[in-house]
Amino acid sequence: MQGIKKTFNRFSLDQKVFTLIVIEVVGFCFVALVAISQLRHVGDQVDRIAEVTLPLHLSIENIRSQILNQRLSTKEIIIGATQTADGNHIDTINPGVRSGYLDSGKEIQKSIESTEKFIRKSVVQQDANENILSLNSEDLLQALFSLRRATQIYDRLVRNLLQQIEDRSFSMELEILEHIRSSEMTLMDKLADLTARLEIIRQESIRHAVYVKRIATGFIILTLLAAVIFFIAMLLLIIRKNISRPLQLLTDTINAFTAMFQVEESEFEKGLMARRDELGRMGRSFNRLKHDLWRQGQDLRDAKEEAEQANRAKSMFLAAASHDLRQPLHAMQMYITALRQKTVDQESLAIVDDIDAVSISTARLLSALLDVSQLEAGAIEPSYKDFPVMELLGRVFREFAPAAKQKKLDFRLIPSSASVRSDPVLLERILGNFMSNAIRYTRQGRILIGVRRRGSSISIEVWDTGWGIPDDQTLAIFEDFHQIHNEERDRSKGLGLGLAIAKRLAACLSHEIECDSMVGSGSRFAVLVAGGKNLPGQAAETGILENLIHGLSGRRVLLIEDDMEVLKATRQLLESWGCHVVTGRNMDEVIDIVGEQSTKPPDIIVADNRLPGGTQGVEVASRVQLMIGHAIPTVIVTGDVQESHIRDIANQGYQVMCKPVQPARLRALISHMTAPGPGSQADSTGMS
């Protein structure tokens, strides 16, 4: 045994593998011979079954066919006899029919006798234990005997009928016809019984063939398993210590290796590298690869640190863009609107409008890019709740009514009492993108927003009479930066990100978006939302359609803002609308102002949410309301557009506007929240 091992160790890896292949081929040749033997055995069994069942089946089918032909001849005889009895014919039955019937009777008897002889011969010639026919021969012979008796009775009755016809004594007596019919039914029953017994033999033959097949298959499988076990045993006995064990140790060494730390060569590696066969070459190659990977690991660590620094820088930039970049844009919007209020010269006013368009385009681009980055990073998580859809539609209507009015569009809202289940903040952004497109691409006509019920779901829809969308562009419009009517990339016509963001938000909410359009007639955009529960005390907004924008003259506004530029711009804008503005930059200043003017509380609070000292605008607004003793309509303006942040503010009952704020929307919101009449503040204020 030791000599065999030494000889085997001198083999190269190719020779060792070849030896294994030879052993495997010999084993599987043996399995193939066993399989062929068993298949031949199965074929012999099937042939023996077929030698019996197939002739028997043909014989009985022949008997059945002859009996059916005899029945047809009998029918012709009865019809001829009936016509003769009625006086239609004076001749006897057609000789051909008569002779055909008599011949069929003889053939039936011969066939039955031949079948009986075949059965007895098969039982004698074949082993009773293997011959299925022998197990059923008695029943089959009994059925043939009964069939013979039935055919004889039937034949005798029909021959009697033929005799009466020949003697011209047949006079339509129903008794003999009834006997023939009864005998015929008995004959068919016996034939059916014989056929059933033949079917039993056929089924048993099939079962026997399947049984033989299973035995042969099992034997083949056992032989194959034995061959596999033999091969595995040979592999373990001959190869394990010479190939498997060294490879296993090499694998363990590879698994223990990491490119992050330099590993010294073990005694095994040194011994493996000293070998002159393929395993020795493999060991030496692994050693070189190990050192190369360690050097690459050093480079990867350096690259990883640089990538992490770049990612942190990107995150810091996005955070700054979310607040610090929005601050000057927000102030710019306020200054531009205030300047427009004070500008009379038409040429100067045109320049102001151009500056405003550039500012709005820049703000829109910033918001869209930040939204896309958040959606791509998966940073938005929906927060579902049940709420009246009219609350959502009211906010969307108030936000976009000024823009629609500016373009002289007929903007309508269809009230609804339905409730939906969704994230109200994200759903409002989807509808906002629908509305932006509708207003942007509608030159004249009207825009409609409303809902329709679809079973248990609610379809929130925006209709417009704009340009429309070609059929081949219906899917493409939801791609990033895809626009149909803006080949020149005019920023005033949008960036092509609105619908792409809406699609991503809908996927995040598991909502479905629909789009129908006809070129030249308008478009319909819809989002399909699950219906929600009508919560007690939760009512839809009312009075949205009436008195949307009121004059703001005399409105007392408490403006809370720590950024001086934004504070000055917003104050000038509010004062240009006729508001009386009181400002504060932090909690202490606001408390002092409210204390000094306790007899003249503000009509509305407009507060930035990020204030000095980590104080939030919602905290200051809540403190002011506690000091005054009643709720005051409050608008929280924030540069942080994280969905969780906006949702937290909205859940406390405050209206939220993200920087940069469009002055027209701010004016519409202030007008709505300070409008006279019952319920004007109920849906827009809250106490934290």
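The values are calculated or read from the model by the stated rules, or taken from the named source; none is laboratory data. Please read all numbers here as calculations on a predicted model, not as lab measurements. Using ideal geometry, Cβ is built from the backbone for each residue, glycine included, and neighbour counts are taken over all protein chains shown. These accessible areas exclude ligands, DNA and RNA; they are computed on the full protein's heavy atoms, side chains included. Shrake-Rupley method; radii C 1.70, N 1.55, O 1.52, S 1.80 Å.
In table form, for the structure just shown:
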{"item": "Gain in span if fully extended, Asp516 to Leu293, counting 0.36 nm per residue against the direct Cα distance", "result": "74.6 nm"}
{"item": "Cα gyration tensor category, rounded, prolate or oblate, for segment 623-670 with a/c compared to 1.5", "result": "oblate"}
{"item": "Accessible area of Thr465 in the full protein assembly, 1.4 Å probe (Å², nearest 10)", "result": "60"}
{"item": "Where Asp354, Asp464 fall by accessible area, highest first, once all protein chains stay in place (1.4 Å)", "result": "Asp354, Asp464"}
{"item": "Cut-off 14 Å between beta-carbons: net charge of the residues surrounding His580, Lys and Arg +1, Asp and Glu -1", "result": "+2"}
{"item": "Charge sum, other residues only, whose C-beta stays under 14 Å from Met564's C-beta, Lys/Arg counted +1 and Asp/Glu -1", "result": "-3"}
{"item": "Ranking by accessible area, most exposed first, for Trp577, Trp294 with a 1.4 Å probe", "result": "Trp294, Trp577"}
{"item": "log₁₀ of I(q)/I(0) at q = 0.19 Å⁻¹ - segment 594-680, Debye sum with one point per alpha carbon", "result": "-0.93"}
{"item": "Long-range amide H partners of Phe411 with built H, under 5 Å", "result": "Ile447"}
{"item": "Counted charge near Leu293, where neighbours are those whose Cβ lies closer than 14 Å (Asp, Glu -1; Lys, Arg +1)", "result": "+2"}
{"item": "Fully extended contour minus Cα-Cα distance, from Ile221 to Gln109, at 0.36 nm per residue", "result": "35.2 nm"}
{"item": "Inter-probe distance in nm under a simple model that places probes 7 Å from Cα toward Cβ, at Asp588 and Ser417", "result": "5.5"}
{"item": "Cβ-derived FRET efficiency at R0 41 Å, Asn534 paired with His630, nearest 0.05", "result": "0.90"}
{"item": "Förster radius 51 Å - calculated FRET efficiency between Glu596 and Ala307, Cβ distance, rounded to 0.05", "result": "0.40"}
{"item": "Gained length - Glu619 relative to Leu135, 0.36 nm times residue gap less alpha-carbon distance", "result": "164.4 nm"}
{"item": "Solvent exposure, largest accessible area first (probe 1.4 Å, DNA, RNA and ligands not counted), of Thr343, Thr195", "result": "Thr195, Thr343"}
{"item": "Normalised convex hull volume, segment 415-464, alpha-carbon set, Å³ per residue", "result": "75"}
